[in-house]
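Student: Before we start, here is the structure in question, set down as structure tokens.
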Number of protein chains: 2
Amino acid sequence: MAEEEQQVPERPKEAPKEGEAGPSKNALKKAAKEKEKAEKKRLIQEREAAQKQAAEGNDVSKEDYGESPMVGSKQYKPPQWKRDKLSDTGSKEDGSETHLRVVVRNARSQSAKLAFLDLRDGLSSIQAVIAASETLSRQMVKFASTLNPESLVDVIGIVKVPKEPVKSATIQDREIHILKLFVVSKSESPLPIQIEDAERPLPEDEKKIEEQSSEESGRPLLGLSTRLDNRTLDLRSMLNHAIVEIKGGICRLWTEFMWQNDFKQIWTPKINGAPSEGGSNVFEMKYFNNPAYLAQSPQLYKQMMISARYKRVWELGTVFRAENSNTARHLTEFMGLDLEMEFQEHYHEVLDVLEELVLHIFNGLKTRYKQETDLVRTVYKVEEFKLPEAGKVPRLPFSEGITMLREAGETLNDYDDLSTPQEKLLGKLVLQKYNTDFYILDQFPLAIRPFYTMPSPHDPSLSNSYDMFMRGQEICSGAQRVHDAEFLKKRMRGMDPPLDPDSLGFKHYVEAFKYGCPPHAGGGFGLERIVMLWLGLPNVRLASLFPRDPGRNIP
Amino acid sequence: MAEEEQQVPERPKEAPKEGEAGPSKNALKKAAKEKEKAEKKRLIQEREAAQKQAAEGNDVSKEDYGESPMVGSKQYKPPQWKRDKLSDTGSKEDGSETHLRVVVRNARSQSAKLAFLDLRDGLSSIQAVIAASETLSRQMVKFASTLNPESLVDVIGIVKVPKEPVKSATIQDREIHILKLFVVSKSESPLPIQIEDAERPLPEDEKKIEEQSSEESGRPLLGLSTRLDNRTLDLRSMLNHAIVEIKGGICRLWTEFMWQNDFKQIWTPKINGAPSEGGSNVFEMKYFNNPAYLAQSPQLYKQMMISARYKRVWELGTVFRAENSNTARHLTEFMGLDLEMEFQEHYHEVLDVLEELVLHIFNGLKTRYKQETDLVRTVYKVEEFKLPEAGKVPRLPFSEGITMLREAGETLNDYDDLSTPQEKLLGKLVLQKYNTDFYILDQFPLAIRPFYTMPSPHDPSLSNSYDMFMRGQEICSGAQRVHDAEFLKKRMRGMDPPLDPDSLGFKHYVEAFKYGCPPHAGGGFGLERIVMLWLGLPNVRLASLFPRDPGRNIP
């Protein structure tokens, strides 16, 4: 393999940054047009020169570049060289050889003898240089400079320390001088959306896309539907890689806590012969010759598992809600993080565990997922998430929340449910008073909670139930549940409209509490909502890989 | 608290064990009837004595037993005493005090002054003794002896080493002498099924329940539907606790491997606007005003995530199959363990990882879940699961499987699919030849694999696909996938019947491979099937908490 020193050419000067002094818009436009014209002429000349050279058959590099046959599995030979991780390149020695399989973000021809490639892998990117020399043909430079963006390539090259840091790459103090270059999977051109456009934020208001695009970088801000229609490409952005990493991080931190605290994983059914929570917002389906319904939560089943003596159970599963709401915070399908556990004397034992769990997740995100969090926050600016000092999470009685809102001018009765704006306002008031974005409301009015909620012994109009909030939006709803069959029946019959404990959907559930069930409480979290509120994303759809809403179930 | 020494009475003699010499059946019957009669008389006398004593108001224990009010959460006081774990009792010192919340499996009166309780918590059980004394009233003994099975109780007592090991309990060298006893949640009586019956195996043939019941212990063998109709009680059996523990263990071992090997968790949609695998066996549902379909696998989406450059992805999610098959190995809803990963040169790189993953799971089950595995195997007898020596998993070409079957007398063409009996036979042949219950068939005929399978470069009638087997039954199906859009379209159009790459269900999927996608392969496992085959369960429904089949979606 050729290892001789390559000439390191100067990198082309970048255009002045936003905020720096620069020529007027018109002058820039004119210059750009002229540049384009000159460029075209130059490219034609170069192509002719290269064709001439190729025709003469004197391509010294012809073994060193080209399109590989489809990796379709010839006779198996273990690879003679193992590829390096691009993310490790930043710490490689000047002059060392590297083998990479990477994506071409962008290829730019500087002259017939020189081209630059932006290469990417995961959250890392680097600049590569290809320069013609006695051992590297102009044809090969040309081949490199005409690669379509998003093509996947194998690169063998020399790692070099550049004269100046490469600001456009995440690895700024290294670059790669290409020796060999093979296309593994060629991308078609043009792309339906540009990955660099997917790196930028959603337009604030989808209707104002036009105005926004002309104000900013000159490129359109991609609207949500365009992104979702091209979701596989959209998901390639580093922004989305970071979001997916954080979502996985929350699941991982949750799972760790479950393992450490003796919770048992369960898998409850998603197809049910009867609606599980009273019949509204439920998707109906055809189950062979009968109707059936998609689970709106694992609520009834996780309680049955407690009655079956599993003590502490958890599930990470899909939840279906047939809500015809086209808001920025509703999905018809999302991931539910659910847990349920028995307690001995008081449901606050469970609330203690829930608090510890959520703090474990938030602290883990702050330390182990800092890089990804920071990356997303360069795009969606949001205040750092404030955790309570000394881990002391405010656990406010619902009545205190009402009082705080009244003092702020809201008109509310003692047992009224809070509207979304009121919840958000309360979030701000709590932040001012307690300096935390995470807090709990406890002892909700009984009338606004489901039938399986245990009433409060302090006030029969209240209940042993709680919500957890991030930045003034609910992420978890939970309660002590009624664990006595007779009392449960009474509660069901007293609902408005009454529920029938003997009906198909409830019979087995009510039965479960006849034969000695421990007192228990639990809660359910919406995974996508935690992601959205942690990162300050403007829409929960951005936290779902392939979001489902009333208007979308493709792709 | 009273801590004086209690008199340790002799435990009643147990009936001779099966296989031991004993009186004839008729003699036993007669003796039992007489005993019952005498017992009734005695109980009546005792009740009268106790009523007399109670009427006189001289119950010295009246503060030490009774029914606690519903744990419904009085003013919160952290419990003054923390309860112990029953499983720790086996290592407690003779004479030490213990506080427990446990289930009464069974209460037996020995005399007016003496009763025994079988107590259980999780996979542990212990015998408790309650004996009348100067400080413990006969009324309290009576209260204990009449507790309904499955009631949940708080017990304060003294841990003692019994004179003889208690064979009926898992903790045999300790018993508990009760000082205080409170019912936390009372069970109704009678129970619709007995938990001890749920500890025994399914009848071999559901039709022969009657005959089997008279031959065995005199109690009926519980049939599958009775168990599933009373699933919450059925799930209380230690047998089912062990199965759930093992199922969770497989998920945990899987997840650990995913974390250690840089796989990223994904969450693919379960509601799709078009069927994902060609339209057969798919559940249709109503999505607002349009039809939609439940995901039969995350196949298309996990591949799209590879194209979106996530390198290695995994999902543990629900899979729906509208198969109208009432066999012992089909469910309409099960947990799919899926993974997909890019590779560099050959799909065997992926197969290597899959092998390592499965061995990690099997070895983990053998070491970390031995207790639970052994417990289940006392009920369902099955040979120890044989792993290949030195971790060298046989990776047989499909053609070799055909040859082995032909040598064993089967009539098969080179490209025929194997029937279930043939698969099982091959399992036996492989076990004989290679001494392992786990092996792989590689290079399946192309015609019997899905459209997204990469054909083999060796033989266009074969494909780069594989199945993994346990005890001759498939647990995983996987392959290299076509990663080039043009080739994929050609494959789809060549299917019989042809598939339309431009249709709603496939358009975005095919698009995903237009813009530079790495070569990749993967596989999907059925979680319940691994549980079933590991434990030799006779029916996959036993590996599902609330199984779904064409005849059942309740409870």
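Student: Can you list, shortest first and in nm, the gaps between the label point of residue A:407 and those of its counterparts in the other copies, using a point 7 Å from Cα in the C-beta direction?
Tutor: 8.5
Student: Within chain A, which is the longest segment that contains none of the GluC sites (Glu not before Pro) sitting in a DSSP loop with at most 13 other Cβ atoms within 10 Å?
Tutor: A:205-382
Student: Give me the distance in nm between label points sitting 7 Å out from Cα along the Cα-to-Cβ direction at residue B:97 and residue B:502, one decimal.
Tutor: For residue B:97 paired with residue B:502, the spin-label model returns 8.3 nm.
Student: If you place +1 on the Cβ of every Lys and Arg, -1 on the Cβ of every Asp and Glu, and leave all else neutral, what size is the dipole of region A:113-196 about its Cα centre, to the nearest 20 Debye?
Tutor: That gives a dipole near 300 debye.
Student: Give the lysines whose C-alpha is closer than 20 Å to that of residue B:392, dropping any in the same chain fewer than 8 places away, or say none.
Tutor: The qualifying lysines are A:77, B:366, B:428, B:433.
Student: Right, here's the next one. For chain A, which DSSP H helices look membrane-span-like by this rule: Cα extent along the axis of 24 Å or more and mean Kyte-Doolittle of at least -0.5?
Tutor: Helices meeting the span and hydropathy rule in chain A are A:238-260, A:348-368.
Student: If you don't mind, there's one more thing I want to ask. Given DSSP loops and a limit of at most 15 other Cβ atoms within 10 Å, what is the longest stretch of chain A that contains no such trypsin sites (Lys or Arg not before Pro)?
Tutor: Excluding the exposed sites themselves, the longest stretch runs over A:168-380.
Student: Report in % the part of the accessible area of region A:302-405 that belongs to carbon and sulfur, leaving out ligands and nucleic acids; probe 1.4 Å.
Tutor: Heavy-atom surface of region A:302-405 belonging to carbon and sulfur, 1.4 Å probe: 50 percent.
Student: Same structure, new question: Placing +1 at every Lys and Arg Cβ and -1 at every Asp and Glu Cβ, with all other atoms neutral, what dipole size does region A:239-543 have around its Cα centre, in debye to the nearest 20?
Tutor: That gives region A:239-543 a dipole magnitude of about 660 debye.
Student: Measuring from a point 7 Å past the Cα of residue A:428 along Cα-to-C-beta, which residues in region A:461-501 have an amide N at less than 19 Å?
Tutor: Under 19 Å, as judged by backbone N against the label point of residue A:428, lie A:469-474 of region A:461-501.
Student: Compute for chains B and A the buried accessible surface, both sides summed, probe 1.4 Å, and express it in Å² to the nearest 100.
Tutor: Summed over both sides, the interface buries about 9900 Å².
Student: Please report the relative contact order for chain A, taking Cα pairs under 8 Å with a sequence separation of at least 6, and give it as a percent rounded to a whole number.
Tutor: 11 percent.
Student: Relative to the other copies, what are the label-point distances for residue B:536, with labels 7 Å from Cα along the C-beta vector, expressed in nm at one decimal and sorted shortest first?
Tutor: 6.1
Student: For chain A, which span is the longest to avoid every loop-located (per DSSP) member of chymotrypsin sites (Phe, Trp or Tyr not before Pro) having at most 11 other Cβ atoms inside 10 Å?
Tutor: It works out to A:82-555.
Student: So, one more: Straight-line reach from residue B:30: which lysines have a Cα under 24 Å away, not including same-chain ones fewer than 8 places off?
Tutor: Within reach: B:13, B:17, B:40, B:41.
Student: Can you compute the charge dipole magnitude of the protein assembly as shown about its Cα centre, using +1 on each Lys and Arg Cβ and -1 on each Asp and Glu Cβ, nothing else charged? Give it in debye, rounded to the nearest 20.
Tutor: Value, rounded to 20: 680 debye.
Student: For label points placed 7 Å from Cα toward Cβ, what is the shortest-first list of nm distances from residue B:551 to its copies?
Tutor: Distances to the matching label points in the other copies: 4.7 nm.
Student: Okay, moving on. If I take every Cα pair under 8 Å that is 6 or more residues apart in region A:82-185, average their sequence separation and divide by the length, what percent do I get for the relative contact order?
Tutor: Once normalised by length, the contact order is 31 percent.
Student: State the answer as a single residue: which of A:447, A:361, A:412 lies farthest towards the positive end of the charge dipole of region A:239-543, with beta carbon charges of +1 for Lys and Arg and -1 for Asp and Glu, about the Cα centre.
Tutor: Toward the positive end, the furthest listed residue is A:361.
Student: Just check region B:421-537 against the gyration tensor rule for me: Cα atoms, a ≥ b ≥ c as the square roots of the eigenvalues, rounded for a/c under 1.5, and otherwise prolate or oblate depending on whether a/b exceeds b/c.
Tutor: Because a/c hits 1.5 or more and a/b exceeds b/c, region B:421-537 counts as prolate.
Student: Can you name the residue in chain B whose Cβ lies closest to the B-to-A rotation axis, and give that gap in whole Å?
Tutor: Residue with the nearest Cβ, plus whole-Å distance, for chain B: B:285, 2.
Student: Right, something else. Can you pull the one-decimal nm distance between simple spin-label points at residue A:58 and residue A:33, each 7 Å off the Cα toward Cβ?
Tutor: 4.1 nm
Student: Convex hull over the alpha-carbon atoms of the protein assembly as shown: what's its volume per residue in Å³?
Tutor: Spelled out: Cα convex hull of the protein assembly as shown, divided by residues, is 216 Å³.
Student: Estimate the FRET efficiency between residue A:380 and residue B:407 by the formula 1/(1 + (r/R0)^6), using the beta-carbon distance for r and 51 Å for R0, to the nearest 0.05.
Tutor: For residue A:380 and residue B:407, the calculated efficiency is 0.20.
The values are calculated or read from the model by the stated rules, or taken from the named source; none is laboratory data. Computed from a predicted model, the values in this text were never measured in an experiment. No Cβ is skipped: glycine too gets one built from the backbone with ideal geometry, and neighbour counts run over all protein chains shown. Note: areas computed on protein heavy atoms with side chains; ligands, DNA, RNA excluded. Shrake-Rupley method; radii C 1.70, N 1.55, O 1.52, S 1.80 Å.
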